[in-house]
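Here the structure comes first, spelled out in structure tokens, and everything after it is commentary.
The values are calculated or read from the model by the stated rules, or taken from the named source; none is laboratory data. It should be emphasised that the depicted structure is a prediction, and the values quoted were computed from it without experimental measurement. Please note: Cβ atoms are built from the backbone with ideal geometry, for glycine as well, and neighbour counts cover all protein chains shown.
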Amino acid sequence: MDDPGERIKWEVHNQWPENTCECKCGAIYRSHSRYSSTRGLISRKPCPACGKDDGLRASRSDPEEMTITKKDIR
């Protein structure tokens, strides 16, 4: 649950793919995530194993695709 003093607008994250989240309980799942100054690293979806949405051990985004053209090479 979000801290009332820090309402998170998760909808702005919809334009990006979900991250790979690693919960402290050891479960790995996909969800949007961000850092909260009051709760640490949190996820939009709760952990499927323990049900918590805060205290993530890690959150990793997918590699970004990049296209290099001839004009990019000097």
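Tabulated data for the structure shown
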read-out: Selection status of Gly51, on the phi > 0 side of the Ramachandran plot and surrounded by 11 or more Cβ atoms within 10 Å (Cβ to Cβ); value: no
read-out: Any pair with Cβ under 7 angstrom, 6 or more apart, that starts in the stretch 58-69 at a residue that is at negative phi and ends at one that is at pLDDT 90 or above and not in a strand (DSSP E or B); value: Asp62/Pro17
